[in-house]
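A short worksheet on the structure shown next.
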Amino acid sequence: MSKTTNQPARRDSFASSFGVLVAMAGSAVGLGNLWRFPYLVGQNGGAAFILIYLGFVILAGLPVMLSEFVIGRRSQASARSAFQKLAPGSHWGITGILGVICCVCILAFYSVVGGWGTEYLYKAVCFDFTNGDAENLKTLFSTLSASVWRPLVGHTIFLAMTAGVVIAGVKNGIEKFSKVMMPLLFLIIIAIAIRSMTLPGSGPGVSYMFRPDWSKVTSQTFLAALGQAFFSLSLGSCMVVTYASYVKKEANIVSLCAQTAVADTAFAILAGCAIMPAVFAFGISPGEGPNLVFVTLPHIFSQMPLGGIIAIIFFLALLLAALTSSISILEVVVAFCIEEFKMKRKAAVALVFAVLWVLGCLCSLSFGPLSDFKIIGKTIFDFFDFVSADVLMLIGGMLAVLFVGWKLGKKVVVDELSNSGKLHIPGWLLNIILFLIRFVAPAALLAIAIFQIHE
Ligand code: PHE
């Protein structure tokens, strides 16, 4: 396999390995951890869901992440051309195109949720939640999401902030932003988790998080856990391929991927510890669904000592976490446009912004005037969520492990993971990784797909 060391000089890159780690963790930690994970835990029986989720992170998530990293770093190219460079003359480039389409689908609805986050931060700063009772807050959320203009303003602001960071580039935008935001985010979530776990009556919430109740587990739980592991670790969307293409040859791929997975999982558990104990302490149902963060939390904050301040800090964390993820999603599409259509970065960002703005508006309006418009029985918002997290990411992940495990083959994988023998990765570890990439991850993904089709 030819090495692609003569990359064009204009190609941006990360400046340090810490920069790569915070950017990868920044992409992984996002609304998936603060919005999706807690409500899925609540709907799927708490600790039992968490254990299944952890199993999928190790058996399917890590092998896919390592595979995408190998593809990106070895090719030093964006989504489609990465596959094309490593397997010239083949059709593997389609995997990259699917990744780009997946990112467009994700950002379309992600930006709407990010917009709600922006609106809720504004409300928190105005101390709007101090007297909120649960019913009022439910009405507040459904009125906001169903109205026409207000959520579009939030969506536009969120997308514009994302575009602003991506225009500045990899080193000066993404890396600098993530370096400041990620440590700050961890501090904030740890502080809120401690506050929540020390509330009177938080005990049942803590055991809900750590004592499995297997009776709630159904076949749906497995799909939800796998989809969530992929969504949370940003897999199957060529995001890891794209970031890895900006990583220098000296970086240790195994340790970077392991640290990213640990950071993301730790953050998800911390988010659960911030939310569940408080949910139980204030007698709210944990199975509330996608509203959990936007309806339940403001109610909890309104009853907590210092709740007004905590609400500001929480929604600030939510917004920052969402931004470090949305920039990574936008970067996949922008890098694709720059390399495939030879566009300038600014022009590429402008074009993608315009397309996503329109799609995001449609997602947002699907809570109001367009709520009756259905695609395969789903609203536009739910359709984009389903197509990306439950279909395209899983297909993309499957193709990535098959490509690396069977097309590139053992020699290339060992060469990449050990930096051509310069790093000492024990032989047994390499064998386990290869076994996971070649057999375990594809089998897990296939099993879930068959399960799903049979339902
Ligand atoms: N991992 C991000 C989150 O948890 C979402 C994401 C998906 C980011 C795919 C990039 C690519 O919110």
Quick one: in the range 369-391, which of the residues that are away from the ligand (no atom under 16 Å from the Cβ) and among the charged types (D, E, K, R) is farthest from Leu356 (Cα to Cα)?
-> Asp372
Residues Gly236, Gly205: which one is open to solvent by less than 10 Å² (accessible area, probe 1.4 Å), within 16 Å of the ligand (Cβ to nearest atom) and in contact (Cβ under 8 Å) with a residue 24 or more places away in the chain?
-> Gly236
Assess whether Asp382 counts as being open to solvent by less than 60 Å² (accessible area, probe 1.4 Å) and in a helix (DSSP H, G or I).
-> no
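Does Val254 meet the test of being outside any helix (DSSP H, G or I), modelled with pLDDT of 90 or more, more than 16 Å from the ligand (Cβ to nearest atom) and not aromatic (Phe, Trp, Tyr)? Reasoning before the result, please.
On the way: outside any helix (DSSP H, G or I): no; modelled with pLDDT of 90 or more: yes; more than 16 Å from the ligand (Cβ to nearest atom): yes; not aromatic (Phe, Trp, Tyr): yes.
It is false that Val254 is outside any helix (DSSP H, G or I), modelled with pLDDT of 90 or more, more than 16 Å from the ligand (Cβ to nearest atom) and not aromatic (Phe, Trp, Tyr).
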Ile192 touching a helix residue (DSSP H, G or I) at 6+ places or on another chain (Cβ under 7 Å) and more than 16 Å from the ligand (Cβ to nearest atom) | yes
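So if I check each of Phe403, Phe367, Phe386, which one is closer than 22 Å to Ala229 by Cβ, touching a residue at least 60 places away in the same chain (Cβ under 8 Å) and aromatic (Phe, Trp, Tyr)? Before you say what the answer is, go through the steps one by one.
Numbers: Phe367 fails: closer than 22 Å to Ala229 by Cβ; Phe386 fails: touching a residue at least 60 places away in the same chain (Cβ under 8 Å).
Matching residue, one of Phe403, Phe367, Phe386: Phe403.
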Within the set of pairs 6+ apart or on separate chains, which have a first residue in the range 79-107 that is of a type outside the set (Phe, Trp, Tyr), a second that is open to solvent by 50 Å² or more (accessible area, probe 1.4 Å) and within 16 Å of the ligand (Cβ to nearest atom), and C-beta atoms under 8 Å apart?
-> Ala79/Ile97; Arg80/Ile97; Leu98/Ile395
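Every residue, every condition in (1) away from the ligand (no atom under 16 Å from the Cβ); (2) at positive phi; (3) open to solvent by 20 Å² or more (accessible area, probe 1.4 Å), yes or no:
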site	(1), (2), (3)
Ala15	yes, no, yes
Gly19	yes, no, no
Ala25	no, no, no
Gly32	no, no, no
Val41	no, no, no
Phe69	no, no, no
Within the group Ile106, Ile101, which residue is in contact with a Ser or Thr (Cβ under 7 Å, 6 or more places away or on another chain), in a helix (DSSP H, G or I), among the hydrophobic types (A, V, I, L, M, F, W, C) and within 13 Å of the ligand (Cβ to nearest atom)?
-> Ile106
Within the range 405-421, is even one residue open to solvent by 70 Å² or more (accessible area, probe 1.4 Å), away from the ligand (no atom under 16 Å from the Cβ), among the aromatic types (Phe, Trp, Tyr) and within 30 Å of Asn252 (Cα to Cα)?
-> yes
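Could you identify the single residue in Leu306, Leu359 that is open to solvent by 50 Å² or more (accessible area, probe 1.4 Å) and more than 18 Å from the chain's Cα centre (by Cα)?
Numbers: Leu359 fails: open to solvent by 50 Å² or more (accessible area, probe 1.4 Å).
Testing whether each residue is open to solvent by 50 Å² or more (accessible area, probe 1.4 Å) and more than 18 Å from the chain's Cα centre (by Cα) leaves just Leu306.
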Among Phe301, Phe336, Phe315, Phe280, the single one that is within 19 Å of Ile192 (Cβ to Cβ), within 16 Å of the ligand (Cβ to nearest atom) and either in contact (Cβ under 8 Å) with a residue 60 or more places away in the chain or assigned to a helix (DSSP H, G or I) (or both) is Phe315
Report whether or not Leu292 is within 13 Å of the ligand (Cβ to nearest atom), open to solvent by less than 10 Å² (accessible area, probe 1.4 Å) and within 25 Å of Asp390 (Cα to Cα).
-> no
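Does Leu330 satisfy the condition of being open to solvent by 10 Å² or more (accessible area, probe 1.4 Å) and of a type outside the set (Phe, Trp, Tyr)? If you could, list the steps in order and put the result at the bottom.
Numbers: open to solvent by 10 Å² or more (accessible area, probe 1.4 Å): no; of a type outside the set (Phe, Trp, Tyr): yes.
No.
The values are calculated or read from the model by the stated rules, or taken from the named source; none is laboratory data. Since this is a predicted model, take the numbers as computed values, not measurements. Cβ sites come from the backbone with ideal geometry, for glycine too, and all protein chains shown count toward neighbours. Note: areas computed on protein heavy atoms with side chains; ligands, DNA, RNA excluded. Shrake-Rupley method; radii C 1.70, N 1.55, O 1.52, S 1.80 Å.
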